[in-house]
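Read-outs throughout are calculated quantities, based only on the coordinates presented, and are distinct from any laboratory measurement. Here the structure is a predicted model, which is why all the values come from computation and not from measurement. A quick note on method: Cβ atoms are made from the backbone with ideal geometry, for glycine too, and the neighbour counts reach across all protein chains shown.
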């Protein structure tokens, strides 16, 4: 098996916020209606995390489960754990109408960090950042591409398609250029 590689070689940028590509991260898409009776139990049993509410993200240790749509969850975990967790989730869901897919190599993850990190996203996304709640996951546009982000300690995490990783890094680094703050210190 070949070794996982980061989309951009763990690229980083220091501006008025720090931008980092976070390398290989395990990501699983789980497609199922959220009212599926076995879903909350399967998530808890396999991942130690419950079913998130609409536009929420839940965490337990190094696992995150985010609500993407009424029939889609995004699950993040260490890259090396994906195959085992996909198999365990598929088994826990039994014959239920559900699909569990490893999308790790089709996605990329970025960190936007620092006390002014929200300003980077304010310039790129049609989201009221002041109204963003602590456990809220926003699925939106980042300029011309689809993205999802949530707050984490010290900043934000942003998921996008790997095929546009360089474009996303360019957007984020341009937005974080020193001197381009929306609310200068």
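Points to keep in mind about this one:
- Between helix 82-93 and the chain: long-axis angle, C-alpha atoms, 0 to 90°, nearest 10: 50
- In this calculation the C-beta distance from residue 81 to residue 141 is compared with R0 = 35 Å, giving a FRET efficiency of 0.70.
- Panel order for 168, 38, by other beta carbons found within 10 Å of each beta carbon, from fewest to most: 38, 168.
- Stretching the chain fully between residue 101 and residue 123 yields a gain of 4.7 nm (0.36 nm per residue, less the alpha carbon separation).
- Two-site FRET efficiency, residue 69 against residue 153, from Cβ-Cβ distance with R₀ of 30 Å, rounded to 0.05: 0.70
- For 128, 105, order by how many other beta-carbon atoms lie within 10 Å, fewest first: 128, 105
- Segment 36-61 versus segment 2-24: alpha-carbon centroid distance in Å: 28
- Residues residue 5 and residue 45, FRET efficiency given R0 of 30 Å [Cβ-Cβ distance, rounded to 0.05]: 0.40
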